[in-house]
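Below is one structure, written out as structure tokens; the observations come after it.
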Protein chains: 2
Amino acid sequence: MVTKSTPDRGDAFDPDCPTRVVLDRIGDKWTVLVIGALQDGPLRFSVLRVRVGGVAAKVLTQTLRAMERDGLLTRTVHAQVPPRVDYELTDLGASLTGPIQTLTDWAETHLSQILGARETYDAALDPPLDAR
Amino acid sequence: MVTKSTPDRGDAFDPDCPTRVVLDRIGDKWTVLVIGALQDGPLRFSVLRVRVGGVAAKVLTQTLRAMERDGLLTRTVHAQVPPRVDYELTDLGASLTGPIQTLTDWAETHLSQILGARETYDAALDPPLDAR
DNA sequence: CGGCATCCTCTGGGATACTG
DNA sequence: CAGTATCCCAGAGGATGCCG
């Protein structure tokens, strides 16, 4: 391994930092959605695609591969005439639902404050000249 | 306002969705770092810049503006000869430290599993031909 | 010192078409 | 049906330079 730089107080300029690793994953557009879709059990690719919303197949594949690589879900290929691939959360993946839920709860609870703040902020800028 | 589409079960194809709003914010490269840096009290721009790590001034400004707009922090300009601008978390911003901490804790706890999964996954692909 | 303007690069996300 | 290969675009992130 390369020389581990200063882990500091646990922050994230360093891609090796745990925070960074997780943040990169949940920061992307689809991972959280996929976890949500798989919470109730395994789903095959096509069903997942619909459940998640209009994701391009390529992008969904990318997302699933990354999650599989990180051990968040398993990919099971069934040797059938029409190929069938099932995706299922691992225990690790399922354990992420907790923290995500915490975040979601915060989001729902404070959304009005955020949107309110935006309106106030924007209102102070939109009419920069007079009209006040 | 535009017609509010189906809020569904609280998910995020819709930019209006609370989850999306928050996820977009914490997903970006610096917001979480800024919150961490400001946890112990207000800091002026230049100090913040150093604390956070090698962020480009432009990018830090962008991040701070977005956070200010969302009501996560306040921006105070002191009318001095050498300009001095202080940034401080609002109660709303401070309340985000909780959920973030939850995520950070999860990250630190499960990092080894993730990295282990990656090694296993990559090892199965790197030598695609023989050598096994 | 803080921050805006400009320019540039890199990559996440996506549409399309083709293969096993 | 699942996945790959191409091509493409927009935007985040960043380097540099100038201004109040």
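The values are calculated or read from the model by the stated rules, or taken from the named source; none is laboratory data. Source: prediction; values computed, not measured. Every residue, glycine as well, gets a Cβ built from its backbone with ideal geometry; the counts of neighbours run over all protein chains shown. Please note that ligands, DNA and RNA were not included when accessible areas were found on the heavy atoms of the full protein model with its side chains. Shrake-Rupley method; radii C 1.70, N 1.55, O 1.52, S 1.80 Å.
In this structure, is A:Ala117 surrounded by fewer than 20 Cβ atoms within 10 Å (Cβ to Cβ), under 21 Å from A:Arg25 (Cβ atoms) and of a type in the set (A, V, I, L, M)? Taking the combined requirement at face value, the residue does not satisfy it.
Yes/no matrix, rows are residues, columns are (1) in contact with a Gly (Cβ under 8 Å, 6 or more places away or on another chain); (2) over 30 Å from B:Thr90 (Cβ atoms):
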| site | (1), (2) |
| --- | --- |
| A:Lys58 | no, yes |
| A:Thr61 | no, yes |
| A:Ala66 | no, yes |
| A:Arg84 | no, yes |
| A:Glu88 | yes, yes |
| A:Leu103 | no, no |
| A:Thr109 | no, no |
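In a residue-by-residue description of segment A:63-82, the property of being of a type in the set (Asp, Glu) and away from DNA strand C (no atom under 16 Å from the Cβ) applies to no position.
Of all residues in segment A:82-91, those being more than 9 Å from DNA strand D (Cβ to nearest atom) and either more than 9 Å from chain B (Cβ to nearest Cβ) or surrounded by fewer than 17 Cβ atoms within 10 Å (Cβ to Cβ) (or both) number 3.
Against the test of being on the phi < 0 side of the Ramachandran plot, modelled with pLDDT under 85 and within 9 Å of chain B (Cβ to nearest Cβ), the options A:Asp28, A:Asp16 yield a single qualifying residue, A:Asp16. What do you reckon, is A:Gly71 out of contact with any helix residue (DSSP H, G or I) (no Cβ under 7 Å at 6 or more places or on another chain), assigned to a loop (DSSP other than H, G, I, E, B) and open to solvent by less than 70 Å² (accessible area, probe 1.4 Å)? Judged against the criteria, A:Gly71 is not a match.
Between A:Thr61, A:Thr3, the distinction of being among the β-branched types (Val, Ile, Thr), open to solvent by 20 Å² or more (accessible area, probe 1.4 Å) and at pLDDT 95 or above belongs to A:Thr61 only. Selection within segment A:97-113: residues that are among the hydrophobic types (A, V, I, L, M, F, W, C) and within 7 Å of another protein chain (Cβ to nearest Cβ). The member of this set that is surrounded by the fewest Cβ atoms within 10 Å (Cβ to Cβ) is A:Leu111. Among the residues of segment B:48-62, those identified as more than 9 Å from DNA strand C (Cβ to nearest atom) and on the phi < 0 side of the Ramachandran plot are B:Val50, B:Arg51, B:Val52, B:Gly54, B:Val55, B:Val59.
Of all residues in segment A:31-68, count the ones that are part of a loop (DSSP other than H, G, I, E, B) and either near DNA strand D (Cβ under 9 Å from one of its atoms) or within 10 Å of another protein chain (Cβ to nearest Cβ) (or both). Looking only at that region, the number is 4.
Taking first residues from segment B:35-54 that are in contact (Cβ under 8 Å) with a residue 24 or more places away in the chain and within 17 Å of A:Thr19 (Cα to Cα) and partners that are part of a helix (DSSP H, G or I) and open to solvent by 20 Å² or more (accessible area, probe 1.4 Å), the Cβ contacts under 7 Å between residues at least 6 apart in sequence or on separate chains come to B:Ile35/B:Thr97; B:Ile35/B:Ile100; B:Gln39/B:Thr97.
For segment B:66-109, a residue qualifies if it is under 16 Å from A:Glu108 (Cα atoms) and either among the polar types (S, T, N, Q) or touching an Asp or Glu at 6+ places or on another chain (Cβ under 7 Å) (or both), and the qualifying residues are B:Ser95, B:Thr97.
On the stretch given as segment A:69-81, residues that are of a type in the set (Ser, Thr, Tyr) and within 14 Å of chain B (Cβ to nearest Cβ) total 1.
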